[in-house]
Each structure stands twice: as structure tokens, then as C-alpha cells.
């Protein structure tokens, strides 16, 4: 992720001559050939360095000719330079908020002093919504507590009952004994009247092809928690605030959806349990259409032939992601590796789509919407890792894989295991609520292919043969997933 500080006033001393730089955007390369990658002066308010940190990441490079003597001190501490002049270090945060870099090339001294103040204005306080029934024109994210993890994602237009509020957000009363929280900044519309509660779920009809179901819900739409267990071939739908008015469940004569059972829960809540044919489904998507809920299943492919894949090179455009000591951005490397993976997938017969093919800015929501628009069977977001602005770049290393929905667990495990044969250490396999991983209609993974902020790994990441090797291992793991080995 990109962590770029605010505007900075720099004082440059060149062989005793003092030069003053402007307070806005500064050239990337300073006198003497030093490029300060992080922190660096940018427009005011863009990802400021926080003065509350106790340490600070500093990286960049010094351009020198072969044979020249080069040295560097950051905040008075000597810093190791790689043979090509790159450096990355972690220093105690300067108490006077002044970052001082001293360097010399063939004994010719240079110095830059950068202020680390944060000019970003504090966000204007937002008055929390008053208690009562509300809705929103866009999808919402509900957390377990103010400022805590998101866990429930109601569709646009879903009625919600607000309780008391704090500066951090508003309490959402889902049913008795179950609550969530909305951020205070959420745009909401007041409902003129309360919806019917408890909502009443009517008879369930499974689609003729066995790839979905639908039912009406008097008082809907409702928030829905969808839980998948791909190994057991089970999907559970939990509807807070609902009761069953189900006379019957009409099943299909064929298809992967074998049975549908329901069970009342305290609250009230209603749980629907769907039993699937093992190995036949790898995605499930729930969508409200008025007061009718439709669940659609994605039939699992077992061959690369016509497998519909979306590759998502992370960041792009104004979002550089992290930047290595050489000045190479994560966005550049993400695109190069994604294109390498895509070429191999196409050679194997897959249909490949990209969320971007150049340096343009694409929002997270637009990336997911694109996957929906092309009816993707699989989604892989390609990234390269960083560390926090106060992290140690030399101690951060390796690749990692992230997933969210249950159908993503198996391909995530296989991808993670496959990359163990690659050039980087294993930094872990993670279940995490990331925006691009929260897709339910398909397996969706996020790959951190290596750690760009680590200068040793950056050296390898810049080599084409590293991308060749990683892309081969990635496609090999995906083939194994499709075979069901």
C-alpha cells in the first residue's frame, strides 16, 4: 500500500551553498544524485506521515558512477547502501520532526532536511443519524463495533433499525440479541414507515437447472449472512429478523442443489441450509429484487478450456501502491506479473479479462463490478507487499495469499502451497475481509507476490525471470484446483 507523506519544506546544502526548495511537489531526484522515495514531498494532505509514530521507514537510492565512493547517514545513523545505490532503513522518529539525510560522493557532501509535519486537515465531525428506520441508496458495510471489523454487507435499499449513536457510528438493531454498527459518515435516508417485522419468508422454489433458488419475503429486503463450506458442500443463509411461513420447498429434478432445509433461531432469525453436490459449485451470490430474494450458484469448471478469469493488477493511475528503493511502483509490477499470468492462462485455453491494462485509477467497487459484468468464474488480485510507515523494510519479506468466502479456501491453499517452490519466503495464508475478496459469486483471492519494500526482494522482483517462474507456479496451482486433485 502507498504511504506517501505531505508537502515538506526542504533545505538543500550543496558544498556549502544553501538552496531552498518550494513547499509543494519536489523533484524526485535531489542534488548529488539522491532520490528519496519515502518520505517525499507531495501535495498537501496526501497520506501524511504521522508524528505520533515512534519510528520511520526511509528508502530511496543514490545514483553514482562505478568506482565512486558513496556514503549515507540518515538522522545521524550510517545506512548500508546496496551495490546499485539503493537503501532502506528504519530510524527512530525525530523528536524535532526534521528528517536529516547526509550523503557524500567522492567526499563531496550533500544534505537535505525535510520537515515531517502533517498538514492534513482533521475531518469535519459528522452528526450520527437519529434512531429509527433508515435505508441507503448504496450497499452498506456493518461492523462488529465502532471502528472494528466489517462482517455484514446489506444491499442498497435494505431497511435498517438504528438505535443509539456515538461519535464512531450508529448501532444497528438486527434482531433481539444481535446488533452491528454503521460508520458515522454513512449517507442514510429516513423511512416514512417501519417495514413489517418479523419479516415472513414464503415458500422456496429451486430453479429448474438446480443452479439457484428464490423466495418472497414480506417485509424484505433483509441483511443476509451467507456462509459457505465448500468441503462439506453446504451453504447456510442466516436472515436476522425473519420467521418461516414456508409451506413447501420445490426442488429441481437435476442440478447441484440437492436439498433445502430451514430452522428457526432466537431473535427471531431464520436459517436456510442448502446441501450441494460435492465439487460442483464454487460460488453463490445473493441478491434482493424488491421483496424477493434470489440465490444463484456458479457451476465449477474442471478444465482451463473457456474458464472465465479476471486478473486484477492492484493500484494504478494515481494509486502507486508501495514504491521500492529504486523508485519502481507496485502498480507497475502488479501489471507486469498479471499480464505474465494472463498469457499463460490464455495458452492453456482460459478466457482472461483485466481490470486495467495501463496506468489508470480503478476503484475497488469497479473492479468487483467488472468481474460481475463478465460473469467471471475466478478472480485474482495481484499485489506486491509493503510495510507500515514505521515498519522495518529489511525485516518484512515473503509472499502471502488472502481469501474470504468459503469457496476460495481451496484455491487459496493450493496457490499458497504452489508458491512455496518460488524464490520468496512464505509470509502466510490469511482469511481477511478485503474488498476484492468479499465476492461471493466466485473464488476471489488476493496475492502479495513478494515484498517490494524489501530491497533484497526488490532486486529479484525487477528481474523478468522471477515473473516467469512465479507465473508458471501460479498457473500450475490453478490447474491443480480445476482438476480437483
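The values are calculated or read from the model by the stated rules, or taken from the named source; none is laboratory data. Because the structure is predicted, anything quoted here is derived from the model rather than measured. No Cβ is skipped: glycine too gets one built from the backbone with ideal geometry, and neighbour counts run over all protein chains shown.
Listed values, structure above:
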quantity: Residue in the range 297-310 that is buried (at least 22 other Cβ atoms within 10 Å of the Cβ), closer than 30 Å to residue 394 by Cβ and either modelled with pLDDT of 95 or more or not assigned by TED's automatic domain parsing to the domain that holds residue 244 (or both) present; calculated: no
quantity: Residue within the range 382-399 that is closer than 19 Å to residue 452 by Cβ and assigned to a helix (DSSP H, G or I) present; calculated: no
quantity: Any hit, the range 322-329, residues being under 15 Å from residue 382 (Cα atoms) and part of a loop (DSSP other than H, G, I, E, B); calculated: yes
quantity: The range 371-395, residues that are under 30 Å from residue 280 (Cβ atoms) and touching a strand residue (DSSP E or B) at 6+ places or on another chain (Cβ under 7 Å); calculated: 371, 374, 375, 376, 377, 378, 379, 380, 381, 382
quantity: Enumerated strands (runs of 3 or more DSSP E) restricted to the range 1-95, each holding at least 3 residues that are buried (at least 19 other Cβ atoms within 10 Å of the Cβ) and either modelled with pLDDT under 50 or within 34 Å of the chain's Cα centre (by Cα) (or both); calculated: 34-38, 55-62, 86-92
quantity: Selection count where residues are within 23 Å of residue 365 (Cα to Cα) and in contact (Cβ under 8 Å) with a residue 24 or more places away in the chain, scope the range 135-176; calculated: 23
quantity: Residue check, residue 377 surrounded by fewer than 24 Cβ atoms within 10 Å (Cβ to Cβ) and within 18 Å of the chain's Cα centre (by Cα); calculated: no
quantity: Tally, over the range 176-198, of residues that are more than 24 Å from residue 440 (Cα to Cα) and outside any loop (DSSP other than H, G, I, E, B); calculated: 2
quantity: Among the residues listed as 450, 441, the single one being within 17 Å of residue 334 (Cα to Cα), outside any helix (DSSP H, G or I) and in contact (Cβ under 8 Å) with a residue 40 or more places away in the chain; calculated: 450
quantity: Residues that are in a helix (DSSP H, G or I) and over 14 Å from the mean Cα position of the chain (by Cα), drawn from the range 355-373; calculated: 369, 370, 371, 372, 373
quantity: Residue list for the range 151-173, filter: in a strand (DSSP E or B) and either in the same structural domain as residue 435 (by TED's automatic domain parsing) or crowded, with 22+ Cβ neighbours inside 10 Å (or both); calculated: 160, 169, 170, 172
quantity: Test for residue 468: is it within 23 Å of the chain's Cα centre (by Cα) and either assigned to a helix (DSSP H, G or I) or on the phi > 0 side of the Ramachandran plot (or both); calculated: no
quantity: Check on residue 426, more than 22 Å from residue 470 (Cβ to Cβ), surrounded by fewer than 22 Cβ atoms within 10 Å (Cβ to Cβ) and not assigned by TED's automatic domain parsing to the domain that holds residue 59; calculated: no
quantity: Hey, residue 327 in contact (Cβ under 8 Å) with a residue 40 or more places away in the chain, assigned by TED's automatic domain parsing to the domain that holds residue 451 and over 20 Å from the mean Cα position of the chain (by Cα) or not; calculated: yes
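Table: residues versus (1) within 27 Å of residue 91 (Cα to Cα); (2) outside the structural domain of residue 285 (by TED's automatic domain parsing); (3) touching a helix residue (DSSP H, G or I) at 6+ places or on another chain (Cβ under 9 Å).
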| position | (1), (2), (3) |
| --- | --- |
| 374 | no, yes, no |
| 407 | no, yes, no |
| 411 | no, yes, yes |
| 433 | no, yes, no |
| 456 | yes, yes, no |
| 477 | no, yes, yes |
